[in-house]
Structures are given as structure tokens and as C-alpha cells.
Amino acid sequence: MIRLNINGQVRDVDVPADMPLLWVLRDELNMTGTKFGCGQALCGACTVHVDGVPTRSCQLPASAAADAKITTIEGIQGKAAQAVQKAWADLDVVQCGYCQSGQIMAATALIAENPNPSDADIEAAMDGNVCRCATYVRIKAAVKQAATLART
Amino acid sequence: MKNLPQILRAAAADVVEAAPSRRSFLKGAAGAGGALVIGAVVPLGAMAARPAPSLVGPPDPRPNVFVRVAPDSSVTVLVKHLDKGQGIMTGLTTIVAEELDADWAQMRGEFAPADSKLYANHAFGMQGTGGSTAVFNSWDELRMAGAAARAMLVDAAAAEWKVPASEITVAKGVISHAKSGKSGPFGPFAAAAAKLPVPASVKLKDKAQYSLIGNETLHRLDHISKTNGTAIFAMDIRRPGQVTAVLARAPRFGATVKSVDDKAARAIHGVLEVLSLPIGVAVVAKNTWTAIKGREALNITWDDSQAEKRGTDQMLADYRELAKKPGAVATAKGDTAAAIKGAAKVIEAEYSFPYLAHAPMEPLNAVVELTEDGGAEFWAGSQFQGVEQRVAAGILGTTPDKIKINTVWAGGSFGRRATPTADYMAETVIIAKALAAKGKKAPVHLVWTREDDIKGGRYRPLVLHKLRAGLDAKGNIVGWEQRIVTQSFMAGTGFEAVAIKNGVDNSATEGVADLAYKVPNLAVDMHIAKSPVTTLWWRSVGHTHTAYAKEAFIDELAAAAGKDAVAYRLGLLEEHPRLRGVLKLAADKAGWGKPLAAGPAGTKRGRGVAVHESFSTYVAHVAEVTIKADGKVKVDRVVVAVDCGIAVNPNVIKAQIEGGTGWGIGHALRDAITLTDGIVDQANFDTFEPLRYADMPAVEVHIVDSAERPTGVGEPGVPGAAPAVANAIAAAGGKRLYDLPFSKAGIV
């Protein structure tokens with residue numbers, strides 16, 4: 001049994017210690033907002049926050065997250081997150097939408113750490129988040145808009 | 001399952017018959033709960049046919065349903081096309097809302113059930129999405145449905161208020177009668193409206209009256225649910241008792257299972273069953289992780305006797321051998337050989353294009369439950385419902401009407417989810433059937449991993465183009481000769497009869513067999529190469545390679561003629577005003593002819609152009625690139641002009657052109673699926689590298705103001721993007737690029 005703290009709630013799960021957090025969320029806890037894209041930490045679709053740090057849940061064994069505060073797209077809160085989600089909606093960033101949970105988790109962490117990110121900052125922080133629809137132009141604009149919103 | 005190939009072939013053959021040329025009609029029916037439901041069918045005939053909009057003829061008895069007005073005044077449009085990111089749920093809902101004079105806030109979208117009798121794509125004759133046909137094919141019926149629903153609501157209000165219907169107005173979801181001062185929302189009139197006869201004809205709006213169509217401020221219907229994790233994809237479906245399956249497929253295309261040692265797999269806690277099937281070995285487990293672990297523990301011996309054992313280098317060498325001989329004739333105008341022989345200058349070029357995976361962000365997957373009546377119920381990002389119902393019915397020995405498909409949001413497709421054989425959905429139901437036969441009947445979720453996807457075939461084919469053109473002393477083209485060698489993904493499927501004529505697969509020659517540039521002598525032919533490697537349409541189909549070969553080559557001809565690349569093209573497009581229109585617009589907006597701002601010391605900059613028609617949409621790209629001091633290329637900006645007729649949803653159109661441009665450039669930069677001894681070399685996003693942030697140029701989209709019938713935008717943003725970049729690289733003093741991807745030339 002592994003005890004996890006997800007979105008402020010304690011959840012006990014009976015899974016093998018090496019089962020990645022991604023599959024615990026999706027298959028055991030039915031929290032499907034966090035997506036499976038590559039399974040190898042190459043696309044960022046599975047990004048969650050572990051103690052506030054954007055982390056690829058597909059490569060994080062559940063047992064390794066036992067003492068951490070885990071935040072998923074379902075539980076994301078606060079000024080930065082709200083600003084990001086609002087900017088995403090205002091600019092109609094999404095196309096297929098499958099990568100966007102991960103993009104939003106990455107962008108929220110970026111803005112929380114860097115209130116005024118440049119294009120280069122965005123590229124550096126989010127290069128690991130793939131969007132096959134290539135919504136990158138709008139994501140960059142949305143991150144900047146969200147940063148402005150979060151500062152005010 | 002011995003007859004599986006026959007089932008698959010027959011299924012597609014049945015459904016590709018062109019829609020009957022019936023006259024158009026409207027049909028309304030009363031729905032449950034006092035809702036008004038209304039639908040219309042306007043067959044457009046065979047693919048590419050473009051009849052003028054009309055509304056005549058007798059009503060059809062089928063209860064065809066597109067619009068529901070609920071008592072709470074919400075209006076739901078039943079969308080028969082899969083939304084895989086292209087925004088079609090938003091686009092089609094906009095069309096209905098416009099004619100209904102609804103308020104955008106009251107509009108909802110819902111995927112229609114699978115039923116080709118009600119929801120056929122009139123370009124295909126069956127329910128399915130593809131070929132950028134959705135807006136084009138729904139334009140008439142959804143406007144009529146919206147207008148008919150409006151008329152019925154007005155009639156209901158007129159009866160209730162005892163006023164003439166002609167005095168009633170509707171605006172932003174409010175029905176009003178000025179004289180009496182009465183007004184109200186749709187909901188209270190929905191039940192009464194549903195009981196009224198469907199109008200025999202309706203008057204549709206003129207473009208000048210539109211307030212929602214063409215309105216850039218409308219948000220996508222999915223703009224919230226896809227930013228908070230609540231949008232449901234097939235990957236997220238969880239049915240009671242659901243089990244997860246992964247399938248071990250042969251590493252070599254065309255191989256089959258010889259023997260399986262599954263002891264270690266079965267020993268894993270949570271592995272429920274291992275099934276050796278004609279399609280591979282399925283591991284069924286209580287969750288995805290365990291299924292994947294179980295598959296890793298399998299020890300399978302494959303029979304490679306019928307498998308592809310060549311590498312892609314050898315396959316391309318074989319293509320070059322084939323290209324030495326004349327192929328099946330696609331186009332023969334004039335005497336091209338003689339014209340080129342007599343030319344002042346002859347230019348030759350050969351272009352090669354690799355296999356490419358679609359790699360949608362959501363890996364292929366579907367959930368199926370076998371039902372008590374011998375049928376099945378699917379949850380899937382279903383793109384070819386018409387084929388999938390028939391294939392699943394064939395597998396289960398039942399009829400297509402017993403196959404229910406719940407279509408859900410799809411995490412991308414780019415062509416991958418639409419196959420002539422139902423592919424992953426067939427796999428899912430085969431596994432569910434085999435599991436049930438073991439006494440373990442359960443809802444089955446088949447999940448492809450990313451490695452399954454990258455290695456799993458259905459690629460954009462490997463393609464070779466050989467071109468030769470003659471110029472006269474003034475630089476005019478006197479003859480154009482083009483030979484294409486590629487596999488056909490139509491051959492051997494139910495689509496073969498439609499797509500292949502006299503040895504020419506028109507999905508491989510589109511864009512050049514009908515060359516827009518005016519040349520007096522034109523010869524296009526092709527060879528269909530054979531391989532067990534499976535191939536498929538890939539976002540913009542034949543145009544993915546024909547546009548590149550054509551636009552890179554014409555650029556080279558312009559340079560050889562000493563002419564400006566835009567002026568040269570314009571001179572050859574006198575008969576194509578819409579191509580000229582986008583070319584001029586893109587060139588103008590990009591500042592063509594004015595010098596580019598210089599880059600940092602040691603860098604070189606250049607601007608390149610491409611113009612192409614695909615799926616009846618016209619697009620021109622102007623790309624700006626920088627060649628850095630180390631010789632590496634950065635695409636800085638792309639200016640795109642698009643003419644897709646009436647712009648239903650400009651915001652969505654721009655998004656599709658931005659994304660299509662990124663798609664075209666991303667794959668041209670560094671993507672290829674290669675084989676060594678028949679085994680795919682790539683496995684995941686480290687070796688099949690997607691376009692990432694740093695690669696994405698700024699994209700500026702300009703839409704031509706048009707009153708023409710709207711056409712699709714999901715694909716047309718792709719074809720011109722890569723050749724515009726290649727031409728820009730050449731303009732900057734870089735090498736012309738003949739072999740894709742560009743990384744082969746060491747510039748990426």
C-alpha cells in the first residue's frame with residue numbers, strides 16, 4: 001500500500017512500487033486529466049506538480065512520490081493557474097487538446113517561478129512539452145498574457 | 001478469423017459507393033422531452049461534385065436529426081464529423097446558430113451517433129471524416145436545418161401569441177413581436193414547434209446578413225473543457241469491469257506469430273489472459289501498466305517468411321530502378337519528350353520523401369463492450385464510423401446496425417484514425433471476442449503505446465519524384481515531365497476502385513497530374529511499388545509530396561529563367577484567379593520584393609514562396625529563414641494567405657493554418673521513419689522528433705474575403721509550408737534540398 005497526497009487529499013493505493021504515478025492517477029484513481037502520451041518523459045502530456053515542480057508522472061514510480069505534495073490538472077489552483085487557464089481560453093489555444101493539461105501544468109509552474117517570461121524563457125521551460133497540433137504560437141502568446149494577468 | 005481480410009475488404013467496398021443523386025429534402029421529427037429536432041439531407045453526389053445549394057423535392061421519411069432545441073433554450077447540434085482538434089464541432093455549430101439567429105452562448109455540440117443512413121459524409125457515401133470535407137459537405141444541410149428550426153419556432157410563437165409569423169423577428173436567441181411587445185427565448189416554444197410541419201422550403205441568409213459566420217470573437221466550444229482536464233477522450237473511458245489490452249505486433253511488416261511462450265507474462269500479478277491471435281499476441285490485464293509489463297515478458301517467435309526484410313535505403317534504390325522505365329500515365333498533354341528535346345535549357349531534379357508516422361498525441365485506443373444482442377458498443381475517437389461498423393459486424397457475425405459507436409474527442413489524428421480496414425477498432429473487437437470465448441467477457445480497452453504507434457506502420461508512404469523540364473530562350477516552360485514512384489494505400493482496399501484508374505493512384509498524383517501551372521506539354525506518370533509496409537493518407541495526402549516537388553522545382557525553374565519567384569508563378573497561373581489571389585496577398589503581406597532585415601553578423605537570410613491548391617482550398621506561404629554562422633537553419637516567420645471560400649470561423653481557420661504550417665515544417669526538418677533489415681529504426685519521440693517550441697516560427701495568417709462555398713482547412717495549410725522554407729533556404733544562399741528530411745543535409 002502506498003500513501004499519496006494528491007490535490008490535498010490522502011489516497012492509499014495498492015499497486016506495485018514501480019508503477020508510475022501516471023498509471024496510478026489514470027487507472028487506479030480515475031483521474032484522467034493527466035494524459036499518457038509517450039511513457040518515456042519525452043512529450044510532457046503527463047506533467048503534474050510534485051512539491052510545485054513540474055514532473056513527468058510517466059517516469060515517476062508511485063513509491064517515489066509518497067512523501068510529496070502532488071498536484072494534477074484536476075486540482076490546480078491559485079493566481080498563476082487561474083491566469084493560465086483564462087489566457088488559454090481567451091486565446092482559444094486548444095486544438096485536439098490532448099497535450100494541454102501538461103502544457104498548462106508546465107506554464108503554471110513557469111509563471112509561478114518567473115513572473116515575466118521572455119520567448120526564450122518559454123522555449124527553455126516548455127521545450128519538453130510537445131503539441132502535435134503545433135499550437136505553440138498561441139501557447140507563447142497565452143503564457144505572456146497569463147503572466148501579465150497574474151502580475152496585476 | 002480466417003476470413004478477416006475478406007471482411008475488411010468487403011466492408012469498405014460496401015460503403016464507398018457514391019451517394020445516390022437524390023434531390024434534397026428536409027425532415028423534422030418530434031424528439032423526447034418536448035424538444036424540437038430537425039434535420040436535413042442534401043446529397044452532394046460523388047466526391048468533388050459541387051452542386052449549387054438548393055432546397056427542392058419531396059421529404060424523405062428517414063428521421064434525420066441535426067438540431068435539438070431543449071426546453072431550457074439550449075441548442076444542441078449533432079455533429080456527424082469527428083473533431084480531432086480541427087474545430088469542426090465549433091464550425092458546424094456556427095453554421096446552424098447563424099440561420100437559427102441563436103446566441104452563441106446557448107449553442108452546444110454533440111457527436112452524432114454512428115449511422116451512415118442519417119449521417120453520411122456526402123463526399124464519401126458513408127459516415128466518416130477526412131479530406132477536409134466537413135464544412136463543405138455540411139454547409140447546405142446545416143444551414144437548412146437551422147433555418148427550418150427557426151421557422152418552426154417562429155410559427156409556434158405566432159400561434160401562441162396569435163400574431164402573424166411575418167411580424168416576428170429573431171435575434172440572439174430571442175423571439176420578438178414588436179407590435180405586441182411580446183418576446184421570449186426558444187425553450188418555451190420548442191415542444192409546440194416540434195409538432196408543426198417542417199417547412200417545404202426555407203430562405204437562407206445572404207452573406208451580408210451573417211453575424212456569427214465570419215465572427216472572429218466566437219470561442220471554440222471546447223475551449224474550457226480542454227484547459228481543465230475534463231474533456232473526455234477514448235483514453236479516459238472507464239467502464240465497469242473494464243480490462244486493458246496491449247497487443248504485441250510483429251516487428252517486421254508482413255510477419256506472423258510462429259510460437260509464443262507466455263509463461264512469464266501469465267505469472268505477473270494482474271495479467272488476466274494472453275491471447276494468440278492472427279493479429280498478434282494480446283496481453284489482457286487489470287490495468288495498463290500491468291498489460292505493458294506482461295507484454296514485455298512475452299517470448300514470441302515470428303514467422304518472417306512473407307515479411308519485408310529490406311531497409312529503406314534498398315527500397316529507395318529499388319524505386320530508382322523502377323523510375324528508369326515509363327509508368328502508368330496520369331497525364332499526357334502534347335508531346336513532352338519532343339518539347340524538352342528542343343528546349344534551350346533542360347532542368348532535372350529528383351526528390352525523395354521518407355515514410356512518416358502520424359503520431360497523434362493520443363495514442364490509438366478504443367473501448368468496446370460486447371452487447372447481449374450479439375453486437376458491440378464502442379467508445380472511440382471514431383473517424384470512419386461507416387467502415388468501423390461494418391468491419392466490427394463482420395468480425396462478430398452480425399449486422400452494422402448492431403454496432404453502436406460513441407464518438408468522443410480525439411487527441412489528434414492527421415489521418416491515422418481513418419483506415420479502410422478499421423484497424424485498431426477491429427483489433428479491439430477481435431480481442432474482446434477472443435476474451436469472451438475464454439469465458440472472461442469484459443469491456444476491453446485496447447491501448448497502443450507510443451512505440452506501437454511509431455513502429456506500427458500506416459505511414460505516409462516513401463515516395464520518389466523524378467522531374468525534367470525544358471525552358472525556351474526566354475525562360476518559358478515548354479515541357480514538364482514528372483514520374484512518381486510510391487506505394488498505394490488504396491490498392492487492395494475497398495477504395496481501390498474509386499482511387500486507382502489504369503494503374504494510377506490519384507491519391508499519389510493529386511497536385512501534379514492536374515498541374516495548375518500552364519505548360520504546353522505535360523507528362524505525369526507513376527509506378528505503384530509493393531511492400532508489406534503498411535501506408536495511409538497523412539495530413540494532406542498526396543499533396544504532402546507533390547506540392548513539395550512541384551513548388552521546389554518551379555522555384556528552380558524560375559531561378560534558371562532569371563525571373564522573380566512570385567512573378568514567374570503568377571505568369572503561369574492566368575487561369576487560376578484564386579491561386580493568384582492568395583499568392584499576391586501573401587507576397588504583399590510578407591513584403592515580397594523588399595529587402596529582409598539583416599540578421600546578426602555571419603548569418604544569411606532568405607525568403608521563399610510556395611502556392612498550392614488542395615481540397616479546393618487555395619494557400620500561399622512566404623517563409624523567412626536565417627542560415628546561422630554554423631550553417632544551421634532557423635525558420636523565423638511564415639506569412640500565409642488562405643482562400644477557403646466563406647470563412648465560417650476565422651479564428652479556427654487561422655489556428656488550422658498555423659498548425660498545418662508547423663506540421664509541414666516540423667516533419668520536413670527532421671522526421672523520417674527508416675527501416676533496417678525490415679525493422680523500424682525509430683521508437684518514440686526521441687528518434688521521431690516532433691516539432692518543438694524552438695522550431696516553431698511566427699505564423700501570420702491572412703484570409704481572403706470570399707463569397708464562395710466554404711471549403712476545408714484541416715489539411716491545406718500543410719502542403720506549401722515545407723517547400724516555401726526550402727525555397728527560402730535556397731534564396732539565402734543555402735543548398736536546394738532534394739532529399740527529405742532537411743536534417744539529411746546537416747542544416748538542422
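Brief remarks on what is shown
- Dipole check for segment B:126-192: with +1 at the C-beta of Lys and Arg, -1 at the C-beta of Asp and Glu, and the Cα centre as origin, the magnitude is about 260 Debye.
- Couplings 3J(HN,Hα) for segment B:729-744, derived from phi with the Karplus relation 6.51 cos²θ - 1.76 cosθ + 1.60 (θ = phi - 60°), are 4, 5, 5, 7, x, x, 6, 6, 10, 9, 10, 8, x, 5, 4, 4 Hz, where x marks Gly and Pro.
- With every protein chain in place and a 1.4 angstrom probe, the accessible-area ranking of A:Met1, B:Met526, largest first, reads A:Met1, B:Met526.
- Residue-normalised accessible area of the protein assembly as shown, expressed per residue, 1.4 Å probe, Å²: 35 Å²
- In chain B, the calculated helix contribution to ellipticity at 222 nm averages -8500 deg cm²/dmol per residue, counting -39,500 (n - 2.57) for every DSSP H run with n ≥ 4.
- Accessible carbon and sulfur surface of segment A:1-95 relative to its total accessible area, %, 1.4 Å: 45 percent
- Segment B:154-313: C-alpha gyration tensor shape, a/c 1.5 cut-off, then a/b vs b/c: prolate
- Dipole-positive endmost among B:Gln86, B:Gly591, B:Ala157 within the protein assembly as shown (Cβ charges, Cα centre): B:Gly591
- Most to least accessible of B:Tyr738, B:Tyr459 (protein chains only, probe 1.4 Å): B:Tyr738, B:Tyr459
- For segment B:157-188 versus segment B:549-617, the gap between their alpha-carbon centres in whole angstrom: 54 Å
- B:Tyr693 contributes about 0 Å² of solvent-accessible surface, heavy atoms of the protein only, 1.4 Å probe.
- Across segment B:570-704, Cα pairs under 8 Å and at least six residues apart give a relative contact order of 23 percent.
- Counting Lys and Arg as +1 and Asp and Glu as -1 over every other residue whose Cβ lies under 15 Å from the Cβ of B:Asp155, the net charge comes to +2.
- Sequence-ordered 3J(HN,Hα) estimates for segment B:76-85 from the Karplus curve with 6.51, -1.76 and 1.60 and θ = phi - 60° stand at 10, 9, 8, 9, 7, 9, 6, 9, 10, x Hz, glycine and proline given as x.
- When the other protein chains are added to the chain by itself, burial of at least 30 square angstrom of heavy-atom accessible area (probe 1.4 Å, ligands and nucleic acids ignored) affects these residues of segment B:645-667: B:Asn651, B:Ala655, B:Glu658, B:Gly659.
- Protein accessible surface hidden between A and B, which excludes ligands and nucleic acids, total in Å², probe 1.4 Å: 4500 Å²
- Solvent-accessible area of segment B:457-580 (1.4 angstrom probe, protein heavy atoms only): carbon and sulfur portion equals 53 percent.
- Test item: Cα-centred dipole of segment B:556-596, Lys/Arg +1 and Asp/Glu -1 on Cβ, debye: 180 debye
- Projecting the Cα atoms of B:Val609, B:Val447, B:Leu247 onto the charge dipole of chain B, computed from C-beta unit charges around the Cα centre, puts B:Val609 farthest toward the positive end.
- Sequence-separation-based contact order of chain B, relative, with Cα cut under 8 Å and 6+ spacing, percent: 14 percent
- Proximity of backbone amide H atoms, modeled 1.01 Å from N, is registered between B:Thr535 and B:Arg458, B:Tyr459 at under 5 Å, excluding neighbours fewer than 5 places apart on the same chain.
- Looking at segment B:444-516, the trypsin sites (Lys or Arg not before Pro) that sit in a DSSP loop and have at most 14 other Cβ atoms within 10 Å of their own Cβ are B:Lys474.
- Centroid-to-centroid separation of segment A:136-152 and segment A:1-41 [C-alpha atoms, Å]: 30 Å
- Bridgeable lysines around B:Lys325 (alpha carbons under 24 Å apart, same-chain partners fewer than 8 residues away excluded): B:Lys333, B:Lys341, B:Lys345, B:Lys466, B:Lys501, B:Lys530, B:Lys550.
- Here segment B:648-748 is assigned +1 on the Cβ of each Lys and Arg and -1 on the Cβ of each Asp and Glu. Its dipole about the Cα centre then comes out at about 260 debye.
- Estimated translational D of segment B:515-562 in µm²/s (Stokes, Kirkwood radius over Cα pairs; 37 °C; 0.692 mPa s): 245 µm²/s
- For segment B:355-362, Karplus couplings with θ = phi - 60° (6.51, -1.76, 1.60), whole Hz, Gly/Pro x: 4, 9, 8, 7, 6, x, 4, 8
The values are calculated or read from the model by the stated rules, or taken from the named source; none is laboratory data. Just so you know, these numbers come straight off a predicted model, no measurement behind them. Methodologically, a virtual Cβ is constructed for each residue, glycine included, from the backbone with ideal geometry; neighbour enumeration extends over all protein chains shown. Remember, those area values only see protein heavy atoms, side chains included, never the ligands or the DNA or RNA. Shrake-Rupley method; radii C 1.70, N 1.55, O 1.52, S 1.80 Å.
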